1. Would you kindly state the longest site-free stretch of the chain, with sites defined as GluC sites (Glu not before Pro) in a DSSP loop (not H, G, I, E, B) surrounded by at most 15 other Cβ atoms within 10 Å?
2. Once phi is turned into ³J(HN,Hα) by the Karplus curve 6.51 cos²θ - 1.76 cosθ + 1.60 with θ = phi - 60°, what whole-Hz value does each residue of segment 119-130 show in order, with x for glycine and proline?
3. Scanning the chain for helices, which whole DSSP H stretches are 18 Å or more long along the axis (Cα) and average 1.0 or more by Kyte-Doolittle?
4. Which shape class, rounded, prolate or oblate, goes with the chain when its Cα gyration tensor gives a ≥ b ≥ c as root eigenvalues, a/c under 1.5 marks rounded, and past that a/b bigger than b/c marks prolate?
5. If the only charges are +1 at each Lys and Arg Cβ and -1 at each Asp and Glu Cβ, what is the size of the charge dipole of the chain around the Cα centre, to the nearest 20 debye?
6. Place +1 on the Cβ of every Lys and Arg and -1 on the Cβ of every Asp and Glu in the chain, take the dipole about the Cα centre, and give the residue among T44, G108, L146 whose Cα lies farthest towards its positive end.
7. Karplus couplings for segment 185-191 from phi (6.51 cos²θ - 1.76 cosθ + 1.60, θ = phi - 60°), rounded to Hz, Gly and Pro as x?
8. Convex hull over the Cα atoms of segment 94-172, averaged projected area in nm²?
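Computed from the coordinates by the stated procedures, all read-outs in this text should not be read as laboratory data. Because the structure is a prediction, the values reported are computed rather than measured. Heads up, the Cβs are rebuilt from the backbone with ideal geometry, glycines too, and the neighbour counts pull from every protein chain shown.
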Amino acid sequence: MTHLYDHDFDWIVGTPFEEIPHFAIYDFSIHWIDITRCWLGQKTVATVRAVDYRTPNQPAASKGRWGAWIAIDYTDGSNAVIRCVGSAVTQRPGNPFWIHGSEGTIRGSVRKGSDFVELERDGVCSRYQLAGGWFPDGFGGTMGELLSAVAEDREPSNSGRHNLLSLQLTLAACKSADENGRAVTPGEIPC
């Protein structure tokens, strides 16, 4: 699985976001870490590696590191890579993703009007019509799941317990970045 997001973080200069250690990983990439974990289901994470860095065209006045990459390796050989281009200059922004499986490939993009999803399988590529967009409609889906769980007297699929696992991987990525990309096991981060 591969995620790429080509954002321009100029908007954080002079804001409290600049004070967040590993901003591109901790504040921004947590969403991609979470969806990766959800999409790969019950697979077991072996290690998380991450590096964050100042980008070549990042303003000198900025304090943080806007570029980052995160690699998540699973015990069965599956892996995911998340790459943040923190000072992208593009007229066609988006957050493309690819999921390469044994039977086909799912590809798509979210944000800034780039939303699409398609499946390539058996030599046929099928694009699916989406209703709404990741932002802001994704919030509706999240709240809808919470309200459905309350009505059905069950734990929501996006419960605090569920999200602790995504936070654990995010904190493992931050620890790895602190240690120059060392492979960190989820067990090193108490949950």
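1. Answer from the scan: 1-102.
2. 10, 10, 8, 6, x, 10, 10, 10, 9, 10, 6, 9
3. Helices passing the filter in the chain: none found.
4. Rounded shape, in that the Cα axes give a/c under 1.5.
5. Dipole size: approximately 380 debye.
6. With unit charges placed on the Cβ atoms, the residue in question is G108.
7. Each residue's phi maps through the Karplus curve to give 8, x, x, 6, 10, x, 10 Hz.
8. Projected over every direction and averaged, the Cα hull of segment 94-172 covers 7.4 nm².
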